[in-house]
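Asks: Sending over a structure as structure tokens; questions will come in a sec.
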């Protein structure tokens, strides 16, 4: 029997997709809807906020995406840069809990063909200017992740690289099972790339997504 590691504790909260797979009704390629992996987790609502864009970012990176031995053409390939406020002391507490949810914001990364099988796009680590959004002092924003989403006719996939890994400018390889590309795993709404190949020996062929950040020279 093929054993699959289930990884919930390390799931980063960077999912912003808007719909949930209906497990009681099989999806077809025409009706496959993006899943919401966080829909079952109760979280307090973050305050609505629109960050101030930095008109002249100094820390820009080219994100390159390479698919290695993927068993078919990936569909609906998109990427976003995910940001969050550094210090929540600038965010008003919620009533009655007093909690200060950390505001987050995502910016689409425009992807373009790079080579015969790759994609690339530019993101900025300093995409937003500090601002006093709530009258409690300056809020500063920092890059958290670059998140790639794609799908096969049956399955949604996610691969992510952290801000620290982007700044290190070293390739990050995420591992997937080829069987998941052909058929959606019953227990998962979305398949997240594993940073190491931890699948069992009888799990079958793998494919990989390699994400790399490279600093843009000014």
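The values are calculated or read from the model by the stated rules, or taken from the named source; none is laboratory data. Being a predicted model, the structure only gives us computed values, none of them experimental. Ideal geometry is used to build each Cβ from the backbone, glycine not excepted, and the neighbour counts take in all protein chains shown.
Asks: From the list 69, 104, exactly one residue is more than 22 Å from residue 214 (Cβ to Cβ) and surrounded by fewer than 15 Cβ atoms within 10 Å (Cβ to Cβ). Which is it?
Replies: After applying the criteria, what remains is 69.
Asks: Considering only residues that are in a loop (DSSP other than H, G, I, E, B), over 19 Å from residue 164 (Cβ atoms), in contact (Cβ under 8 Å) with a residue 24 or more places away in the chain and touching a strand residue (DSSP E or B) at 6+ places or on another chain (Cβ under 7 Å), which ones fall in segment 92-128?
Replies: Once the filter is applied, which keeps residues that are in a loop (DSSP other than H, G, I, E, B), over 19 Å from residue 164 (Cβ atoms), in contact (Cβ under 8 Å) with a residue 24 or more places away in the chain and touching a strand residue (DSSP E or B) at 6+ places or on another chain (Cβ under 7 Å), segment 92-128 yields 103, 111, 117.
Asks: So, one more: For segment 144-218, which fully contained strands (runs of 3 or more DSSP E) count at least 2 residues that are more than 21 Å from residue 76 (Cα to Cα)?
Replies: Numbers: elements: 156-162, 172-177, 206-215.
Those strands (runs of 3 or more DSSP E) span 206-215.
Asks: Another question, if that's okay. Based on this model, can you work out whether residue 136 counts as touching a helix residue (DSSP H, G or I) at 6+ places or on another chain (Cβ under 7 Å) and either in a strand (DSSP E or B) or at negative phi (or both)?
Replies: On the way: touching a helix residue (DSSP H, G or I) at 6+ places or on another chain (Cβ under 7 Å): yes; either in a strand (DSSP E or B) or at negative phi (or both): yes.
For residue 136, the condition - touching a helix residue (DSSP H, G or I) at 6+ places or on another chain (Cβ under 7 Å) and either in a strand (DSSP E or B) or at negative phi (or both) - is met.
One line per residue, one yes/no per condition, for (1) surrounded by fewer than 18 Cβ atoms within 10 Å (Cβ to Cβ); (2) under 23 Å from residue 58 (Cα atoms); (3) at pLDDT below 95:
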position	(1), (2), (3)
126	yes, yes, no
130	yes, yes, no
135	yes, no, yes
138	yes, yes, no
141	no, yes, no
144	no, yes, no
154	yes, no, no
175	yes, no, no
213	no, yes, no
